[in-house]
Amino acid sequence: IATNVAIALQSEEHRVLLVDVNLQFGDVPIFINEQAKNSILDLTPRSEELDPEIIEDVITKHTSTGLSLLAAPPQPVLGDPVRSAQFIKVLDYLRNLFDYIIIDTESHLSEIVLASIEAGDLIILITTQDIPSNKSAHEFLNLADTSDISREKLLFVLNKYDKRISISPDRIGESLHQKIILSIPSDERSVSSSINRGVPLIVENKSHPFSKSILNLSQLITERLTQLDGTMD
């Protein structure tokens, strides 16, 4: 979802960076069939001395779309030295160079993930039509409430939606007191095929129901950010 949304937002007018902060098992380069020679590890130790040339040397460019990627470390053990304070300094600098920064996190609320959540303008919270997933979403929403994270920052999205399953989007939204704003239809075959070939579905087929939902989500992101900018002004 993060990869496809980032590509949907990328254009000649808008420069987009996708950051993979699953520091142990990040695999975003696989989704776009690119080999990342560098990673976030090449920036965080230099957080006090960044410049555009350093950034350009470290990021990976997606050949077909121009999307920029800041990859996770290549091996699980290498992610340990990354500290949230350094990461936030890097992120603050990157804000000056990109119009959108999409941060793909892991499910575990690590130090880096929590820092990303706090720094982000919006949080896309994903759930599916099963009890464990909704339980986790409920726990995250409780955490957000106790941590003073405004629910206005949340875009609650249902992934792998299957209308044959009785747990409907409305039912989930009512149960968790957070409306699901968009449902991404289930199509395991097409999505898995796109991942295995390293060709995001949004690139291959914009008319596919999955791609249409991603385009709708990117539009909602743009609209919500515009609203937030107006509120801050």
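The values are calculated or read from the model by the stated rules, or taken from the named source; none is laboratory data. Computed from a prediction, not measured in an experiment: that's the story for all the values here. Here Cβ is always computed from backbone atoms with ideal geometry, including for glycine, and neighbour counts include all displayed protein chains. Quick note on the areas: whole protein, heavy atoms, side chains included, nothing else; ligands and nucleic acids left out. Shrake-Rupley method; radii C 1.70, N 1.55, O 1.52, S 1.80 Å.
Taking all protein chains as present, what is the carbon and sulfur share of the accessible area of the chain, in % to the nearest whole number, probe 1.4 Å?
49
Does the range 156-233 come out rounded, prolate or oblate, given a ≥ b ≥ c as the square roots of the eigenvalues of its C-alpha gyration tensor, rounded meaning a/c under 1.5 and, failing that, prolate meaning a/b above b/c?
Here the range 156-233 falls in the oblate category.
Using the crude model of +1 on Lys and Arg Cβ and -1 on Asp and Glu Cβ, and no other charge, please compute the dipole size for the range 81-233 relative to its Cα centre, in debye to 20. Don't skip to the end; give the middle numbers.
On the way: 16 positive and 21 negative charges, 107 e Å.
Here the size comes out at about 520 debye.
Quick one: which of Lys61/Lys179; Lys135/Lys206; Lys163/Lys206; Lys135/Lys163; Lys61/Lys163; Lys153/Lys212 span more than 28 angstrom between C-alpha atoms?
Table pairs above 28 Å Cα-Cα are Lys61/Lys179; Lys135/Lys206; Lys61/Lys163.
Report the one residue of Ser194, His14, Ser64 whose Cα lies farthest in the direction of the positive end of the charge dipole of the chain (charges on C-beta: Lys and Arg +1, Asp and Glu -1; origin at the Cα centre).
Ranked along the dipole, the leading option is Ser194.
Can you pull out the trypsin sites (Lys or Arg not before Pro) in the range 68-175 that DSSP calls coil and that have at most 14 other Cβ atoms within 10 Å?
On the way: sites: Arg83, Lys89, Arg95, Lys135, Arg151, Lys153, Lys160, Lys163, Arg164, Arg171; in loops: Arg83, Arg95, Lys163, Arg164.
Hits after loop and neighbour filter: Arg95, Lys163, Arg164.
Label Arg95 and Asp27 with points 7 Å out from Cα along Cα→Cβ: what is the distance between them in nm?
Going from the Arg95 label point to the Asp27 one covers 3.3 nm.
Once the piece of chain linking Lys61 and Leu114 is laid out straight, how much longer is it, given 0.36 nm per residue of separation minus the C-alpha distance between them? All intermediate terms of the calculation are to be shown ahead of the outcome.
Working: separation 53, 0.36 × 53 = 19.08 nm, distance 2.66 nm.
Length gained between Lys61 and Leu114: 16.4 nm.
What is the spin-label model distance, in nm, from Lys153 to Ser207 if the labels are put 7 Å beyond Cα along the C-beta direction?
It is 4.0 nm.
Sequence-distant or interchain residues sharing an amide H contact under 5 Å with Ile124, placed H: which?
Leu155
Under a cut-off of 14 Å between alpha-carbon atoms, report the aspartates and glutamates in cross-link reach of Lys89, not counting same-chain residues fewer than 8 places apart.
Qualifying aspartates and glutamates at Cα under 14 Å: Asp42, Glu48, Glu49, Asp51, Glu118.
Applying the Karplus parametrisation 6.51 cos²θ - 1.76 cosθ + 1.60 with θ = phi - 60° to the phi angles of the range 35-50, what ³J(HN,Hα) value in whole Hz is obtained for each residue in order, glycine and proline being reported as x?
Using θ = phi - 60°, the values come out as 9, 7, 6, 10, 8, 4, 5, 7, 10, 4, x, 10, 4, 8, 9, 6 Hz.
How many angstrom lie between the C-alpha centres of the range 1-56 and the range 124-170?
Spelled out, the Cα-based centre of one part sits 26 Å from the other.
Whole-Hz ³J(HN,Hα) for each residue in the range 183-191, computed from phi via Karplus 6.51 cos²θ - 1.76 cosθ + 1.60 with θ = phi - 60°, x for glycine and proline: what do you get?
Running phi through 6.51 cos²θ - 1.76 cosθ + 1.60 with θ = phi - 60° gives 10, 9, x, 7, 7, 4, 5, 5, 5 Hz.
May I ask you to evaluate 6.51 cos²θ - 1.76 cosθ + 1.60, the Karplus curve with θ = phi - 60°, for each residue of the range 10-24 and list the ³J(HN,Hα) values in order in whole Hz, giving x for glycine and proline?
5, 7, 5, 8, 10, 8, 10, 10, 9, 10, 9, 10, 7, 5, 9
How much area per residue is accessible in the chain when the probe is 1.4 Å and only protein heavy atoms are counted (Å²)?
That works out to 54 Å² for each residue.
For the range 58-213, what is the convex hull volume of its Cα atoms per residue in Å³?
Dividing the Cα hull volume of the range 58-213 by its residue count gives 150 Å³.
Using +1 at the Cβ of each Lys and Arg and -1 at the Cβ of each Asp and Glu in the range 84-233, identify which of Ile117, Leu154, Pro185 lies farthest towards the dipole's positive end.
About the Cα centre, the residue reaching furthest to the positive side is Pro185.
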